[in-house]
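Data first, discussion second: the structure below is written as structure tokens.
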Amino acid sequence: MTAAQPNDRTAAGFTPSPAEPLAHQLLATLAQHRMASTGQLHVLLRPDRSRQSVSERLNDLLDERLVDFAVLPQSHRTRVWYLTPKGARLTRDWPALRGRPPYPITTATAASLKTPHTLTVLRTHLTFVADARRRGDEHGHLDWTPEVFHAIGDGEKVVADAVMHYTLIDGQQRRKLRAFVEVDRATMGAERLAAKLIEYARLWAYEPQPVGRRRQAGGPGWLRWYPVFPRILFVLTGAGRQAMDNRISDLRAMVAHHPLVAEMAREVPLGAAVLEDIEEHGATDDVWEPLAGGKPRSWTEL
């Protein structure tokens, strides 16, 4: 009985329920993730069905002018789908998406400019989805929110590539985890990547002051959204192994030498991994380098 539970959970799943119309799930997913390829939508929403079934429903939504697509160059005509302004208006007030800015993409040219980074962030999400299905954990298509903004004072904001919600399940035990995820495609200098840790440390320490009132201790601003500060995960790709190792070393150096980052690291788990390693071995394998030092481990054990 106990050994069968993970399979039961996977079947119940934590693939999206087919009781909800696929069209609704496609629109919600595109509203959440901005854009996705046909293959990504198939893996995310209907891994147990044919890819053709997803393609057919996307074409129906195309006919209704709720979605549109751009064709990736040199990709055997791979389509990347996104909501039209009409689709964005339709999904804006859906309960699961309430408060999510629509950011509609109005042209294929605009879509193509956002495609490389957006699809890599979603590719990262798919590694956690696959691992959750294998293990019987809870992590679905709406448990990953890209482009999350938080104020850090002085009119500045930190923008996370994604915020992940993930529930580990071990028998009757449920452990809820959250993470800020930064996906690095080696398109910026290593110093700029490492400086992202300073922005997160400022968010960790930031205590907003009520306007028009005397200064008072109101606690950290992040408590408005999270019961504990999310762990911070850097996922690297797009460069050779030595270059990515060097970037992880720079992240570790920032933890070691910046006073506020070092203080945060004593309370907040920080880790980095190579995307291809996560895809090959699984997100919960020992592929994560703890930025505060130590041997590679699972992101859940940082």
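The values are calculated or read from the model by the stated rules, or taken from the named source; none is laboratory data. Bear in mind that the values here come from a model prediction, so they are computed numbers and not experimental data. Backbone-built Cβ (ideal geometry, glycine too); neighbour counts: all protein chains shown.
In region 230-242, of all residues being more than 19 Å from the chain's Cα centre (by Cα) and in a loop (DSSP other than H, G, I, E, B), the one that is surrounded by the fewest Cβ atoms within 10 Å (Cβ to Cβ) corresponds to G240. Could we say that A265 is buried (at least 21 other Cβ atoms within 10 Å of the Cβ) and within 21 Å of H125 (Cβ to Cβ) here? It is false that A265 is buried (at least 21 other Cβ atoms within 10 Å of the Cβ) and within 21 Å of H125 (Cβ to Cβ). Name the residue, out of V211, V268, that is at pLDDT 95 or above and among the β-branched types (V, I, T). The match here is V268. When D245, D285, D277, D250 are screened for being under 28 Å from P116 (Cβ atoms), assigned to a loop (DSSP other than H, G, I, E, B) and not small (G, A, S), only D285 passes.
Considering (1) modelled with pLDDT of 95 or more; (2) more than 18 Å from the chain's Cα centre (by Cα), say which one R49 fails and leave the rest. Status for R49: all satisfied but (1). In this structure, is A36 at pLDDT below 90 and within 18 Å of F128 (Cα to Cα)? So A36 fails the test. For G271, are the conditions met, namely being under 22 Å from the mean Cα position of the chain (by Cα) and in a strand (DSSP E or B)? Yes. Across region 150-180, the number of residues qualifying as in contact with a helix residue (DSSP H, G or I) (Cβ under 9 Å, 6 or more places away or on another chain) and assigned to a strand (DSSP E or B) comes to 20. A single member of P95, P16, P101, P21 is closer than 19 Å to E138 by Cα and either modelled with pLDDT of 90 or more or not small (G, A, S) (or both), and it is P16. Looking only at residues in region 268-302 that are free of Cβ contacts under 8 Å to residues at least 40 places away in the same chain and among the charged types (D, E, K, R), the one that is surrounded by the most Cβ atoms within 10 Å (Cβ to Cβ) is D277.
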